[in-house]
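Below: one structure, written as structure tokens.
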Amino acid sequence: MRSICRVLVFALAAASCFTPVHVPEFCQGAGPDCHSHDDTASDSQPPPRTVKSRWNISVSDLIQALDQFRVSCKKLIEAFPIDEVDGNFVRTVKNCIFSKSIPTPLKGPLRLAAVSEDVITGILDLDVAVTQSEDFLHYASGGRLLIGSVPLAHRYGGHQFGYWAGQLGDGRAHFLGQYSNRKGEIWELQLKGSGKTPYSRSGDGRAVIRSSVREFLCSEAMHFLGVPTSRAASLIVSEELVLRDQFYSGDVKTERGAVVLRLAKSWFRIGSLEILAQSAEIDLLRKLLNFVIDEHFPSISSSHPDKYLVFFSTVVNETANLIGQWMSVGFAHGVCNTDNFSLLSITIDYGPFGFMESYNPNFVPNTSDDEGRYSIGAQANVGLFNLEKLLGALSPVLTQKQQKEAKMILKGYVNIYQMRIHQIFKAKLGLLGEEEEDSYIIAFLLQMMEDTQSDFTMTFRQLSEVSDLQLHDGNFTQMWALDDLSLHKHFTDWVRMYLLRVSRQRNDTGSDRQNRMRNVNPRYVLRNWMAESAIRKAEMNDFSEVAQLHHILSSPFVTQETAEEAGYAARPPLWAERLKVSCSS
Ligand code: AMP
Ligand code: MG
């Protein structure tokens, strides 16, 4: 036992570079059903369209027609110089933040493949009935412009796979405008897959059905898991043919184009600042920074002499938080380039992401990532790399003294992350207070999971569902993940230690522990095989499984009958092992 102890203490040090974290306030910002304590609710049917919606807004108060819906581009257009050149031809762009760019309509017929009622009514104040109109298909895919819209493509750069890649920008996305909703929030609407822009480089400006289904489902699922993320309002599919070599094997196939209407409070990225610093456009860099701080960091005073430093410190903190939250649900982003890292520390640009199944810090979701640069266990370190690049971009506006201080702030990142991870895993195990051996209990469990290749999501979930007595007796009927874990030769040692630890928690019962744990350990995540199965049907114009997944993943902490019948909490099917996801989208 002594030798395994040493291994495990080491494992935590390694694991803390990777481990998940999240915490009690997990579902902040998520919908009210996120933290439901009703764990055994059968399928919650969509509420009848009665008087009040979940936002306590009468349905009849919602906007009933799209010609009454307006967005504004004024703030951004007035704040920044716009590219002087017009037209969607590829070029190097200088001295601006945006280029005007008109979306290219998709070839019809168009179909509404999915819609998020939560976004449509809860953020956009629209009656969901409007999404059934012909108009909506055009507005939400770039064929028609919303009132007030001046579509823009954003100029940004980025470090891709460790190297400066120069100008990137919105090569297939169009900012449509800001919407100020009745809750006083301002959201930026963006189409993805809506055609070429000055930043399309060699791309066609399109996105295919499979990647669009994945972005739609995963961004919504992440929101309901309580992870900061962009949102998706709708998914429109077309008959427009798009060529893709999905696995870069020379096998080019035709697929169909699709557009996701997605939303974020801001789409600015680390790469938005990097391009300005790299091209020595320092006035513009300052302007963008001031704008981001004024609009999105209200606690930082615009007259504060150290405001850029405070901004940096906030992004360092929030990036550590975000990656911690990814780890808490076993999410690997797949392409953690600086152009895919939001300045608001939300998850953006869903591509070849994956939810880890068998616990493995080396899990790489993107089969094109040969070196495993963006493995799940590397995300925390990659976060640090990206923050170094952010600091590099900020340096021209920092004094020498501030640069030194910023470096110190960056040094604190590892600690912030490790503390966060520790908190998160403690919450995942239902541990209250702080005891000396907590890190050891966590590391011990993770090591056993790695040795036995236990499923990450279901091990934690089943630990949340098992009673102390069942755990003590090793009674794991129908608990396949715990069954796997219990094959470890030190499993009973761990159980003894864990049960002793929780027994010392004052005013805490076994069922309190279970309830707390069930609220942070989801039963359902978007596993690749689930997305793939829905995609295969969607490609045949059957969107029922997309809708089913969307519905189920909106309450990932609640056991649901249809999800159980569909096997979403069961051992993944054998064919799932052969699934590959690439960067192609
Ligand atoms: P991503 O890895 O999807 O975040 O994209 C990296 C860069 O490539 C961004 O500048 C995208 O706009 C651009 N890009 C990706 N796919 C396409 C495409 N099909 N057409 C044009 N630009 C693209
Ligand atoms: Mg991107």
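Values computed for the structure shown
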| quantity | calculated |
| --- | --- |
| Residue (of 146, 573, 326) at the positive-pole extreme of the chain, dipole from beta-carbon charges | 146 |
| Overall Cα dimensions of region 399-549, principal axis frame, Å, largest first | 60, 47, 31 |
| Rg in Å to one decimal, and Dmax rounded to a whole Å, for region 345-484 via C-alpha atoms | 19.3, 63 |
| Accessible-area order (highest first, 1.4 angstrom probe) of the listed residues 73, 583 | 583, 73 |
| For residue 494, solvent-accessible area (1.4 Å; no DNA, RNA or ligand), Å² | 0 Å² |
| Region 233-378, relative contact order [Cα under 8 Å, separation at least 6], % | 18 percent |
| Estimated dipole of the chain in Debye, rounded to 20 [Cβ of Lys and Arg +1, of Asp and Glu -1, Cα centre] | 1180 debye |
| Full-stretch length increase - residue 164, residue 564 - with 0.36 nm per residue and alpha-carbon distance subtracted | 139.4 nm |
| Percentage relative contact order, the chain, counting C-alpha pairs under 8 Å, at least six apart | 19 percent |
| Alpha-carbon centroids, region 296-330 and region 190-264: separation in whole Å | 28 Å |
| Computed [θ] at 222 nm, deg cm²/dmol, the chain (DSSP H ≥ 4; -39,500 (n - 2.57); rounded to nearest 500) | -11500 deg cm²/dmol |
| Rounded, prolate or oblate (a/c below 1.5 giving rounded, otherwise prolate when a/b exceeds b/c) for region 530-585 by Cα gyration tensor | oblate |
| Proximal charge balance of residue 275 [Cβ under 11 Å; K/R count +1, D/E count -1] | 0 |
| Förster-model FRET efficiency, 30 Å R0, residue 403 and residue 77, C-beta, rounded to 0.05 | 0.35 |
| Isotropically averaged projected area of the chain, using the convex hull of Cα atoms (one quarter of hull area), nm² | 26.5 nm² |
| Residue 201 - accessible surface, heavy atoms, 1.4 Å probe, Å² rounded to 10 | 140 Å² |
| Using alpha carbons only: equivalent-ellipsoid semi-axes of region 66-219, gyration tensor based, whole Å | 26, 19, 15 |
| Distance in nm between pseudo-label sites at residue 371 and residue 575 (7 Å out along the Cβ direction from Cα) | 3.6 nm |
| Convex hull of region 288-392 built on C-alpha atoms - directionally averaged projected area, nm² | 6.9 nm² |
| Extended-chain gain in nm, criterion 0.36 nm per residue less alpha-carbon gap, residue 505 and residue 67 | 151.9 nm |
| Probe 1.4 Å - accessible area at residue 296, Å² to nearest ten | 50 Å² |
| Volume per residue that the Cα convex hull of region 94-145 spans, once the total is divided by residue count, Å³ | 113 Å³ |
| Solution diffusion estimate, µm²/s, Stokes-Einstein, region 357-403, Kirkwood Rh from C-alpha pairs, 4 °C, viscosity 1.567 mPa s | 102 µm²/s |
| Convex hull volume per residue for region 215-332, taking Cα atoms only, in Å³ | 168 Å³ |
| Inter-site label distance for residue 467 and residue 411 at 7 Å from Cα along Cβ, in nm | 5.3 nm |
| Kirkwood Rh and Cα Rg combined as Rg/Rh, region 184-267 | 1.02 |
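The values are calculated or read from the model by the stated rules, or taken from the named source; none is laboratory data. Keep in mind the model is a prediction, meaning the values are calculated, not measured. So basically every Cβ, Gly included, is an ideal-geometry build from the backbone, and we count neighbours across all protein chains shown. Accessible surface areas use protein heavy atoms only, side chains included; no ligands, DNA or RNA. Shrake-Rupley method; radii C 1.70, N 1.55, O 1.52, S 1.80 Å.
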